[in-house]
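Peer 1: The structure under discussion is supplied below as C-alpha cells; questions concerning it will follow.
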Amino acid sequence: MKVVVGSPGTWSGLLLRTGQCVFAGASIGVMVSALGFSNYTAFCYLIASMGLQVLWSLGLACLDVYALKIKRDLHNPVLVSLFVVGDWVTATLSLAAACASAGVTVLFARDVHFCRTIPQFSCGRFEISVAFAFVTWLLISMSSLVMFWLLASV
C-alpha cells in the first residue's frame, strides 16, 4: 500500500485523529455548557455523535502512537477496511448531527427569534458547538477519504 498523508501509523494520521478528538470534545463541551440544550433532540444527537467520534478518534490516535513507537506498519488490508467502515459510519453520523443541530440553531436565531426574545437562551454557544462539529466532520471526511484511497490501492 502507498503511504498517503493522514494514513494510519504516521505523524500526519496522528495529527488528523488528534484534531478530530479535540474538535469533537470542544463541540461537546460548548454544547453541554449551554443552558437548556437537553430539551432539543438535535442537540442531544450532536452530543451522542460527537461522543462516539471522540471514542473512535481517541482509539485510533492511541493505535497511531503505538505504531509510531514500535515502528510498525498499519497498512494491513483487513485493518484498513475496518478503518474505512468506522470512518465512514462516524463521518455520516457527524454530518447528520451537525446539519440537524445547525438547522435547529438557524430556526432559533432567524425564524422564531428566540435569541432576541429570550436573553438567557444560549444561541451563541449553540452556534459555536455546531461550528466545531462541522470542523470535526471536515477532519473525519478527510480521514475517511484517505482510508478509502488506501483500501483502493491494495
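The values are calculated or read from the model by the stated rules, or taken from the named source; none is laboratory data. As the structure is a prediction and not an experimental result, all values here were calculated from the model. As a convention, Cβ positions derive from the backbone with ideal geometry for all residues, glycine included, and neighbour counts pool all protein chains shown. Only protein heavy atoms, including side chains, enter the accessible area calculation; ligands, DNA and RNA are left aside. Shrake-Rupley method; radii C 1.70, N 1.55, O 1.52, S 1.80 Å.
Peer 1: Which condition breaks for Val78 when tested against (1) in a helix (DSSP H, G or I); (2) touching a residue at least 60 places away in the same chain (Cβ under 8 Å); (3) closer than 25 Å to Leu15 by Cα?
Peer 2: Condition not satisfied by Val78: (2).
Peer 1: In addition: Using the structure shown, decide if Arg110 is modelled with pLDDT under 95 and outside any helix (DSSP H, G or I).
Peer 2: no
Peer 1: Also, I was wondering about something else. Scan region 116-127 and report the pairs whose first residue is on the phi < 0 side of the Ramachandran plot and aromatic (Phe, Trp, Tyr) and whose second residue is surrounded by 13 or more Cβ atoms within 10 Å (Cβ to Cβ) and modelled with pLDDT of 90 or more, with Cβ atoms within less than 6 Å and a gap of 6+ or a chain change.
Peer 2: Every condition considered, the pairs that remain are Phe126/Ala34; Phe126/Thr105.
Peer 1: Scan region 83-91 and tell me whether some residue there is open to solvent by less than 40 Å² (accessible area, probe 1.4 Å), under 18 Å from Leu145 (Cβ atoms) and polar (S, T, N, Q).
Peer 2: yes
Peer 1: Check Val22, Val5 and return the single one that is under 19 Å from the mean Cα position of the chain (by Cα), open to solvent by 30 Å² or more (accessible area, probe 1.4 Å), under 29 Å from Ser122 (Cβ atoms) and among the hydrophobic types (A, V, I, L, M, F, W, C).
Peer 2: Val22
Peer 1: Would you call Leu52 surrounded by fewer than 19 Cβ atoms within 10 Å (Cβ to Cβ), in a helix (DSSP H, G or I), in contact with a helix residue (DSSP H, G or I) (Cβ under 9 Å, 6 or more places away or on another chain) and in contact (Cβ under 8 Å) with a residue 40 or more places away in the chain?
Peer 2: Considered against the rule, which asks whether it is surrounded by fewer than 19 Cβ atoms within 10 Å (Cβ to Cβ), in a helix (DSSP H, G or I), in contact with a helix residue (DSSP H, G or I) (Cβ under 9 Å, 6 or more places away or on another chain) and in contact (Cβ under 8 Å) with a residue 40 or more places away in the chain, Leu52 comes out as yes.
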